[in-house]
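So the structure is just underneath, and the comments pick up after that.
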Amino acid sequence: MANIFGIQLGSKFKSTKKIEAERSSLQSDYERFNTLAASDKLQRFQELDPLVHSGEFQKKVREYKRKEYKQSEEYHQIKEHKALSKDKDLKWYQATKRNYPFKELEKWEITFEDDFDSARLDSSKWMTSYYWGKALMNDSYVLAGDKQNFNDDNIELRDSMARIHVKKEESKGKVWDTTHGFLIHPFAYSSGLISTSQSFRQKHGRFEAKIRFSSAWPLLHAFWMVGESMTPQIDIFKTSFRKNSLVECGLHTGEKEQKSSKMRKINGAKFAGNFFIYSLEWSPESLIWRINGKEVHRQTNNIPQESMYLTFSTTLPAEPKDKQVPGLMEIDWVRCYRKKD
């Protein structure tokens with residue numbers, strides 16, 4: 001049976017709507033199961049069931065004369081037990097208890113989530129610039145070579161989604177240059193970034209988001225994690241260079257000789273223009289990437305062992321053509337989990 005995080009599949013990705021419907025159904029069943037487990041109806045059935053099947057009870061029933069029996073407490077207890085035995089809710093509860101499909105769900109507890117249902121971005125959860133820009137100078141910056149500036153106005157909440165817009169507009173902003181530090185630079189394009197660097201960091205767990213983006217290159221859409229330094233960095237997904245039909249995932253360690261840290265290119269679906277659930281399961285032993293519940297990449301060496309924060313961004317590593325802008329990345333929801341002790 002499906003678990004709350006999705007299903008392992010063959011060569012194709014399961015539809016996002018079906019994955020969400022299965023998750024919702026499982027969560028609903030879990031809540032129903034727990035409600036019934038605490039109900040007076042179940043408690044009464046559990047009291048009556050061993051009683052009416054006991055030898056002493058059966059013996060007492062046989063000793064009654066016909067007229068006396070229908071007036072007895074035992075008669076009414078048997079009648080009540082029969083009615084409860086046929087109760088649809090209790091029959092469902094007993095069948096579900098035997099199969100118990102909630103084991104995987106119960107392994108995890110949610111540690112962070114946002115469904116973007118408010119009118120504005122929740123500033124207690126998200127900041128709109130790189131962490132070190134905020135920490136060092138309370139300002140935004142971009143990396144050398146980026147063709148876009150980051151602008152808060154490019155982040156919009158509408159229809160219960162966070163949207164990062166890419167626009168053609170002139171502005172000036174800071175660029176980090178490894179030789180000269182922060183420099184003021186003119187830009188012809190703007191975009192946005194959101195991160196949990198000041199509110200939420202976690203080591204190990206499950207991290208996922210439902211995302212849709214417009215056609216890619218040279219728009220680089222990404223959902224990634226990083227700690228205090230630039231590396232290691234985990235790309236939960238990013239759009240592939242020059243190939244709109246592909247996305248990539250992988251771990252950057254900053255060590256060029258580690259060929260095992262190469263990005264894994266993924267095809268098998270039309271990613272641009274459609275929602276997918278991108279997720280990472282991170283343990284001390286491995287990193288496992290999934291799209292709509294299907295495992296697409298696994299790494300078992302060079303596993304990061306430091307807390308990291310979430311970042312969603314769209315950057316321009318090259319000049320786009322006029323028809324490629326405006327661009328858009330939409331985030332429907334974000335959820336993070338940790339394994340229970």
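The values are calculated or read from the model by the stated rules, or taken from the named source; none is laboratory data. Note that the structure is a prediction, hence the values are computed from the model and not measured. Virtual Cβ from ideal backbone geometry, glycine too; neighbours counted across all protein chains shown. To get the accessible areas, we keep the full protein, side chains included, count just its heavy atoms, and leave off ligands, DNA and RNA. Shrake-Rupley method; radii C 1.70, N 1.55, O 1.52, S 1.80 Å.
Of the residues that sit in region 1-17 and are within 20 Å of Val247 (Cβ to Cβ) and open to solvent by 70 Å² or more (accessible area, probe 1.4 Å), which one is modelled with the lowest pLDDT? If you could, list the steps in order and put the result at the bottom.
Pass one, region 1-17, residues within 20 Å of Val247 (Cβ to Cβ): 5-17.
After this cut, where a residue has to be open to solvent by 70 Å² or more (accessible area, probe 1.4 Å) as well, the list is 8, 11-12, 17.
Working: Gln8: 37, Ser11: 50, Lys12: 78, Lys17: 94.
My answer is Gln8.
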Checklist entry - Conditions: (1) open to solvent by 70 Å² or more (accessible area, probe 1.4 Å); (2) in contact (Cβ under 8 Å) with a residue 40 or more places away in the chain; (3) closer than 15 Å to Thr96 by Cβ; (4) among the charged types (D, E, K, R). Asp29 meets all but one. Number of the miss? => result (1)
Checklist entry - Residues that are of a type in the set (Val, Ile, Thr) and more than 40 Å from the chain's Cα centre (by Cα): which helices (runs of 4 or more DSSP H) entirely in region 61-103 hold 1 or more of them? => result 73-85
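Where in region 223-341 are there strands (runs of 3 or more DSSP E), lying fully within it, with 2 or more residues that are open to solvent by 20 Å² or more (accessible area, probe 1.4 Å), without any contact (Cβ under 8 Å) to a residue 40 or more places away in the chain and in contact with a strand residue (DSSP E or B) (Cβ under 9 Å, 6 or more places away or on another chain)?
Numbers: elements: 233-239, 247-252, 264-266, 276-282, 287-291, 294-299, 309-315, 327-339.
Hits in region 223-341: 233-239, 264-266.
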Next on the checklist: Anything in region 132-147 that is modelled with pLDDT of 90 or more and in contact with a strand residue (DSSP E or B) (Cβ under 8 Å, 6 or more places away or on another chain)? List them, or say none.
Outcome noted: Tyr141, Val142, Leu143, Ala144, Asp146, Lys147
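Every residue, every condition in (1) among the hydrophobic types (A, V, I, L, M, F, W, C); (2) open to solvent by 30 Å² or more (accessible area, probe 1.4 Å); (3) touching an Asp or Glu at 6+ places or on another chain (Cβ under 7 Å); (4) modelled with pLDDT of 95 or more, yes or no:
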{"position": "Asn149", "(1), (2), (3), (4)": "no, no, no, yes"}
{"position": "Arg163", "(1), (2), (3), (4)": "no, no, yes, yes"}
{"position": "Lys167", "(1), (2), (3), (4)": "no, yes, no, yes"}
{"position": "Ser171", "(1), (2), (3), (4)": "no, yes, no, no"}
{"position": "Val175", "(1), (2), (3), (4)": "yes, no, no, no"}
{"position": "Phe182", "(1), (2), (3), (4)": "yes, yes, no, no"}
Next on the checklist: Whether any residue in region 105-128 is under 22 Å from the mean Cα position of the chain (by Cα) and in a helix (DSSP H, G or I) is what I want to check.
Outcome noted: yes
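With the structure loaded, tell me whether Arg44 is modelled with pLDDT of 95 or more, farther than 30 Å from Ile277 by Cβ and among the basic types (Lys, Arg) or whether it fails that test. Steps first, please.
Values: modelled with pLDDT of 95 or more: yes; farther than 30 Å from Ile277 by Cβ: yes; among the basic types (Lys, Arg): yes.
When the stated conditions are applied, Arg44 passes them.
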Next on the checklist: When you check Arg23 against the structure, is it closer than 30 Å to Asn292 by Cα and either open to solvent by 40 Å² or more (accessible area, probe 1.4 Å) or among the polar types (S, T, N, Q) (or both), yes or no?
Outcome noted: no
